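One structure is given below, encoded as structure tokens.
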Amino acid sequence: MKKLFTEKSSLILSSLMVCITFLMPFENCSAFPVYAQQAYTNPREATGRLVCANCHLAQKAVAIEAPTSVLPDTVFEAVVKIPYADGLKQVQGNGTKGGLNVGGIVVLPEGFKLAAKDRLSSELKAKTKGVYIQPYSAEKPNILVVGPIGGENHREITFPIQSPNPAQDKGTFYIKYPIYVGGNRGRGQVNPNGEKTNNTIYTSSSAGKVQTVVKGEKGNYVVNIKTDSDVTAQSIPAGLEVSVRPGDFVKVDQPLTYDPNVGGFGQNETEIVLQNPNRVVGLIAFFFTVVMSQTFFVLKKKQFEKVQAA
């Protein structure tokens, strides 16, 4: 009964996410984690590549800050940094220019998960205010996704994470684990259906001479290319700047537009140790023993020197 309820809840949640996605204005969105959530059971491929790179083709830097070790059943923060220059504007879906949105993904070890709100400190609540972080799926609670959100105030995204307790979760151990992260700024170059967005370069499908470049009412263009046999008309969506002029000769796959993309996707990784508290206590006890032993040794040496001097 519980399993059936969980499956139905997941189905309802997925349906709501799809509805919300398609009801949102497309031009205001830069990335849709829901597309990856629907298409891939695991967003990290066997090669280590994150599937976000399938739509966001440009490579950019991303960094992560996380503690090197944590104790079991504790809440800590991992900060994903998605840098980009101030003042950048991207082409929106309707052809206008707008600010960049950002998104992120954190692939945690099995057993690690998003920290519950009642476990967050006031500082962590302030850092994550207005940022909706969710598990990738019910089967992958250790993978967290966020976005798209406005990039102006979210070039650093804080993920509140709860570590597992090996005493309760027998699938976790006191060892070193890898953490994989991905961060994106700006819209993608490929839609989920495989078609190009208006945030990428459009190239010529045939070789020939450019006859005309006609601009449409909505800002789109039609480039007519005269080949040896006929005239080929190529549509270019609004928002792109045509790089060819009538009379130019073009080759197959030669760019017809300038590259409008100012964003990109990047991924990085780090390591974290799930530390056994008993080891910490033992280490402290060992250091204390060494210090005391050395102290007694020095005192004994001083006493021996006094006896020798007498």
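Annotation for the stretch 276-283: at least one member residue is in a helix (DSSP H, G or I), surrounded by fewer than 10 Cβ atoms within 10 Å (Cβ to Cβ) and under 51 Å from the mean Cα position of the chain (by Cα). The C-beta contact set for the stretch 204-221 (first residue more than 12 Å from Gln234 (Cα to Cα) and open to solvent by less than 80 Å² (accessible area, probe 1.4 Å), second residue among the polar types (S, T, N, Q) and modelled with pLDDT of 90 or more, distance under 6 angstrom, 6+ apart or interchain) comprises Gly208/Thr227. Would the stretch 224-233 turn up any residue that is open to solvent by 50 Å² or more (accessible area, probe 1.4 Å), of a type outside the set (Gly, Ala, Ser) and in contact with an Asp or Glu (Cβ under 7 Å, 6 or more places away or on another chain)? There is no residue in the stretch 224-233 that is open to solvent by 50 Å² or more (accessible area, probe 1.4 Å), of a type outside the set (Gly, Ala, Ser) and in contact with an Asp or Glu (Cβ under 7 Å, 6 or more places away or on another chain). Consider the stretch 163-200 and keep the residues that are of a type in the set (A, V, I, L, M) and surrounded by fewer than 16 Cβ atoms within 10 Å (Cβ to Cβ). The one that is nearest to His56 (Cα to Cα) is Val190. Residues of the stretch 230-250 that are of a type in the set (A, V, I, L, M, F, W, C) and closer than 14 Å to Ala207 by Cα: Val231, Ala233, Val244, Phe249, Val250.
Restricting the stretch 250-268 to residues that are among the hydrophobic types (A, V, I, L, M, F, W, C) and open to solvent by less than 60 Å² (accessible area, probe 1.4 Å), the residue that is farthest from Asn54 (Cα to Cα) is Val250. Taken as a whole, the structure places Gly48 among residues that are farther than 21 Å from Gln189 by Cβ, open to solvent by less than 30 Å² (accessible area, probe 1.4 Å) and at pLDDT 90 or above.
For every residue, the table says whether it meets (1) more than 17 Å from Thr158 (Cβ to Cβ); (2) modelled with pLDDT of 95 or more; (3) surrounded by 15 or more Cβ atoms within 10 Å (Cβ to Cβ).
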{"residue": "Gly103", "(1), (2), (3)": "no, no, yes"}
{"residue": "Val106", "(1), (2), (3)": "no, yes, yes"}
{"residue": "Leu114", "(1), (2), (3)": "no, yes, yes"}
{"residue": "Lys117", "(1), (2), (3)": "no, no, no"}
{"residue": "Val131", "(1), (2), (3)": "no, no, yes"}
{"residue": "Ser137", "(1), (2), (3)": "yes, no, yes"}
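Of the numbered conditions (1) in contact (Cβ under 8 Å) with a residue 60 or more places away in the chain; (2) assigned to a strand (DSSP E or B), Ala233 satisfies every one except a single condition; which is it? It is condition (1) that Ala233 fails. Residue check: Pro166 meets all listed conditions (1) within 30 Å of Val231 (Cβ to Cβ); (2) in a loop (DSSP other than H, G, I, E, B) but one, namely (1). Somewhere in the stretch 32-40, is a residue at pLDDT below 70 and either in a loop (DSSP other than H, G, I, E, B) or more than 18 Å from the chain's Cα centre (by Cα) (or both)? Checked the stretch 32-40: at least one residue is at pLDDT below 70 and either in a loop (DSSP other than H, G, I, E, B) or more than 18 Å from the chain's Cα centre (by Cα) (or both).
Apart from one condition, Asp118 fits all of (1) farther than 28 Å from Asp169 by Cα; (2) without any contact (Cβ under 8 Å) to a residue 12 or more places away in the chain; the exception is (1). For the stretch 85-96, the tally of residues that are within 15 Å of Val262 (Cα to Cα), open to solvent by 60 Å² or more (accessible area, probe 1.4 Å) and in contact (Cβ under 8 Å) with a residue 60 or more places away in the chain stands at 2. Restricting attention to the stretch 94-129, the residues that are closer than 16 Å to Glu77 by Cβ and of a type in the set (Gly, Ala, Ser) total 6.
Within the stretch 44-60, being under 18 Å from Asn268 (Cβ atoms), touching a strand residue (DSSP E or B) at 6+ places or on another chain (Cβ under 6 Å) and assigned to a loop (DSSP other than H, G, I, E, B) holds for His56, Ala58, Lys60.
Cβ separations smaller than 6 Å between residues 6+ apart or across chains give the following pairs from the stretch 138-157 residues that are over 16 Å from Gln38 (Cβ atoms) to residues that are of a type in the set (Phe, Trp, Tyr) and buried (at least 16 other Cβ atoms within 10 Å of the Cβ): Asn142/Phe112; Leu144/Phe159. Quick check, is Thr270 modelled with pLDDT of 95 or more, hydroxyl-bearing (Ser, Thr, Tyr) and in a strand (DSSP E or B)? Considered against the rule, which asks whether it is modelled with pLDDT of 95 or more, hydroxyl-bearing (Ser, Thr, Tyr) and in a strand (DSSP E or B), Thr270 comes out as yes.
The values are calculated or read from the model by the stated rules, or taken from the named source; none is laboratory data. Keep in mind it's a predicted model, so treat the numbers as computed, not measured. Cβ coordinates were reconstructed from backbone atoms using ideal geometry, including for glycine residues, and neighbour counts include every protein chain displayed. Quick note on the areas: whole protein, heavy atoms, side chains included, nothing else; ligands and nucleic acids left out. Shrake-Rupley method; radii C 1.70, N 1.55, O 1.52, S 1.80 Å.
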